[in-house]
Amino acid sequence: MLSTQLKPLKKDLLTHFEELGDEHIGTSYDTPLRDDAFDLDDDVKIDQIAHHFKHIMDILGLDLTDDSLRGTPQRVAKMYVKEIFKGLNPANKPDMKLFDNKYQYNQMLVEKNITLYSNCEHHFVPIIGRAHVAYISNGKVIGLSKLNRIVQYYAQRPQVQERLTMQIANELKQALGTEDVAVVIDATHLCVSSRGIKDVQSSTVTAEYGGKFLDIDTRNEFLKHIG
Ligand SMILES: [Zn+2]
């Protein structure tokens, strides 16, 4: 039996869902967050999510007294807040320490095949892929692992791939003080491969080019590097 009653979905939410159907439409560049998004601290969020996730499992008819299932609501809640949706909170943004470009290396730097795990904001199932990022130094350089961390930070949110691509590119532009940034993401969406249309072959490619990467030769050089 359920310990508390869940409110039915509001009519406008249902109508919106019917209109949107299975389409993957992003509505804004910024992740849609409420102003009070971080009023609750992480521990309170974990408690509340665990409580509600237990409800979902209850409704599905799962026996929460089973040893294998008992800890699942808490595990899922902790995973949401501390891992896969950790990047919602600006407090978890990697600090972007820059260094002087002492070697005067003025060509493009490409970091390719960055492992990318995100989650589709329409279905809350994984997006798995690779990100390739590049920049041309404007006098400052950034630690290589920071490029991975920026990708990871924005990936650890409920996402749409187009927004994720732009958020990573804009962060790099801001941090490095240059428009000369490129980001390509090639990813598989489990909402497309494991359900719905069940296409396991397709992947989705998105790209954002700024500054010198708008030049066709520069862009082709980058694309050649990432193969
Ligand atoms: Zn989806």
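Only the coordinates and a few stated rules stand behind these numbers; no lab work does. As the structure is a prediction and not an experimental result, all values here were calculated from the model. As a convention, Cβ positions derive from the backbone with ideal geometry for all residues, glycine included, and neighbour counts pool all protein chains shown.
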Could you sort 98-106, 153-161 so that the peptide with the highest average Cβ count within 10 Å comes first and the rest follow in order? 153-161, 98-106
Counted neighbours (other Cβ, 10 Å), sorted fewest up, put Tyr80, Tyr135 in the order Tyr80, Tyr135
Most exposed first, judged by fewest Cβ atoms within 10 angstrom, Arg34, Arg149, Arg195 run Arg34, Arg195, Arg149
Divide by every residue of the chain the summed helix terms, -39500 (n - 2.57) for each DSSP H run of at least 4, and state the resulting mean residue ellipticity at 222 nm, rounded to the nearest 500 deg cm²/dmol. -11000 deg cm²/dmol
Taking the beta-carbon count within 10 Å as an exposure proxy, list Val141, Val181, Val200 from fewest neighbours to most. Val200, Val141, Val181
Which links in Lys140/Lys224; Lys146/Lys224; Lys82/Lys112; Lys54/Lys112; Lys82/Lys212 stretch past 30 Å when you go from one Cα to the other? Lys54/Lys112; Lys82/Lys212
What is the set of long-range amide H partners of Val160 at a cut-off below 5 Å, with H atoms built 1.01 Å from backbone N? Glu121
Roughly how many debye, to the nearest 20, is the charge dipole of the chain about its Cα centre, given +1 on each Lys and Arg Cβ, -1 on each Asp and Glu Cβ, and no other charges? 540 debye
What list of ³J(HN,Hα) couplings, whole Hz, do you get for region 55-71 from phi and the Karplus terms 6.51, -1.76, 1.60, once you set θ to phi - 60° and write x for glycine and proline? 4, 4, 5, 4, 4, 6, x, 6, 8, 6, 8, 5, 4, 6, 9, 3, x
Assuming 0.36 nm per residue, please report the length gained on full extension of the stretch Asn106 to Gln201 beyond their Cα-Cα distance. 30.4 nm
Whole-Hz ³J(HN,Hα) for each residue in region 91-102, computed from phi via Karplus 6.51 cos²θ - 1.76 cosθ + 1.60 with θ = phi - 60°, x for glycine and proline: what do you get? 5, 9, 5, x, 7, 9, 5, 10, 10, 5, 7, 5
Per-residue ³J(HN,Hα) for region 140-157, Karplus 6.51 cos²θ - 1.76 cosθ + 1.60, θ = phi - 60°, Hz, x for Gly and Pro: 10, 10, 10, x, 4, 5, 5, 5, 4, 5, 5, 4, 4, 4, 6, 6, 7, 8
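Tally Lys and Arg at +1 and Asp and Glu at -1 over the other residues with C-beta under 12 Å from the C-beta of Gln152: what net charge comes out?
Every neighbour counted, the sum reads +3.
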